[in-house]
Amino acid sequence: MFAGTHTALVTPFQNDRVDEAAFERLIEAQIAGGITGIVPVGTTGESPTLDQDEHLRVIELGVKFARGRCKVIGGTGSNATNEAVSLTVAAEKLGCDGALLVAPYYNKPSQEGLFRHFKAIADATKLPIVLYSIPSRCGIEIGVETVARLAKACPNIVAIKEAGGTVDRVSALRAALPETFEILSGDDSLTLPFIAAGAVGVISVASNLIPREVGDLVNAARAGDSAKARAMHERLYPLFKDLFIEPNPVPIKYALARSGRMQPDVRLPMCEMSAAAAEKLEATLRNLKLLA
């Protein structure tokens with residue numbers, strides 16, 4: 001259902017407002033690059049800094065600009081179950097193909113609380129749901145047993161974006177889940193080993209800038225062309241790492257701005273890159289011939 005390459009879209013800003021024209025250009029570039037899908041208003045889309053009207057507007061624009069040419073997975077997670085339900089129901093009405101639901105952050109629920117949280121959302125929608133486990137940001141992970149419980153209890157929970165940072169976790173998930181349940185990498189630098197361990201794609205930050213290249217890497221890895229996939233991974237690895245030299249999405253927005261696609265603006269508490277980090281990323285972009 002969601003195998004392939006999906007871009008965790010940035011939300012372009014100009015003068016502290018969503019830059020809708022830049023967002024449309026970004027989505028057109030994704031589709032031209034052969035992307036499988038787009039994910040508006042995830043972590044990379046600065047969802048914590050958008051009010052609810054802006055949040056839903058960005059999802060609405062994602063659906064509008066995609067025009068059915070790629071899948072649209074709306075980011076609708078929250079650490080308040082009622083809010084996550086509301087956003088997910090709205091995303092369904094707006095025409096999304098799926099919803100990405102991050103683990104509740106800050107309040108650190110138990111695994112039973114996580115199960116009830118995600119089940120309540122799944123019960124409220126017909127949308128296919130992609131769970132999102134990223135303990136480095138949320139303070140908790142969605143346990144393997146909890147994912148298995150949810151997959152059994154909720155037919156529309158069909159995938160997980162795994163950003164726990166270890167191949168071992170992918171292997172554990174693959175062993176505990178039916179083959180039809182999809183695992184997507186949540187970390188560009190781990191996409192290749194994750195696919196080797198049973199993942200079927202990625203929700204990528206780097207593909208904002210290089211959709212074709214990330215898609216080609218994923219396709220080669222899934223086709224079993226290990227030599228091509230490894231060569232692409234090794235070439236792109238410095239970019240994958242430098243896009244996290246400072247908190248996401250600051251570096252990817254800097255890179256997009258340097259390539260002339262949008263302003264680098266982020267909203268507080270995010271701020272612009274340090275001069276040293278910008279110099280390092282700039283060198284990587286030049287080495288990859290991604291700047292004029």
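Just so you know, all these numbers are worked out from the coordinates, no wet-lab data involved. Given the structure is predicted, the values throughout are model-derived calculations rather than measurements. Note: ideal-geometry Cβ built from the backbone for every residue, glycine included; neighbour counts use all protein chains shown.
Rg and Dmax over the alpha-carbon atoms of the range 79-154 stand at 11.7, 32 Å. Estimate the FRET efficiency between residue 126 and residue 32 by the formula 1/(1 + (r/R0)^6), using the beta-carbon distance for r and 25 Å for R0, to the nearest 0.05. After rounding to 0.05, the efficiency reads 0.25.
Can you tell me the FRET efficiency between residue 69 and residue 108 if r is taken as the Cβ-Cβ distance and R0 is 41 Å, rounded to the nearest 0.05?
After rounding, the FRET efficiency stands at 0.55.
The slack in the chain from residue 153 to residue 288, taken as 0.36 nm per residue of separation less the alpha-carbon distance, amounts to 44.0 nm.
Percent of alpha carbon pairs in the range 101-199 separated by more than 20 Å?
31 percent
Report summary: the helix-based calculation at 222 nm, which adds -39500 (n - 2.57) for every DSSP H run with n ≥ 4 and divides by the residues of the chain, gives -14000 deg cm²/dmol. Volume per residue for the chain equals 117 cubic angstrom (convex hull of Cα atoms). Of all DSSP beta bridges located in the range 1-134, what percent are antiparallel, nearest 5? About 15 percent, rounded to the nearest 5. Under 5 Å between amide hydrogens, built in the peptide plane, is the criterion, and for residue 71 it picks out 37, 38 among residues at least 5 positions away or on other chains. Shape analysis of the range 162-240 based on the Cα gyration tensor places the equivalent ellipsoid semi-axes at 20, 13, 11 Å, largest first.
Taking each of 161/228; 108/152; 253/289; 228/280; 71/228 in turn, the alpha-carbon distance tops 19 angstrom for 161/228; 108/152; 228/280; 71/228. For the range 10-160, the relative contact order comes to 18 percent (Cα pairs under 8 Å, sequence separation of at least 6). The distance from the alpha carbon centre of the range 171-188 to that of the range 45-98 is 24 Å, rounded to a whole number.
Here, the range 113-262 is characterised by an Rg to Rh ratio of 1.00, where Rg is the alpha-carbon radius of gyration and Rh the Kirkwood radius. Among the chymotrypsin sites (Phe, Trp or Tyr not before Pro) within the range 1-106, those in coil by DSSP and having at most 12 neighbouring Cβ atoms inside 10 Å are 106. In the calculated pair-distance distribution of the range 57-105, the portion above 15 angstrom amounts to 39 percent of the Cα-Cα pairs.
Size descriptors for the range 201-292: radius of gyration and Dmax over Cα atoms are 13.8, 43 Å. Overall size of the range 1-151 from C-alpha positions, given as principal axis extents largest first: 43, 34, 28 Å.
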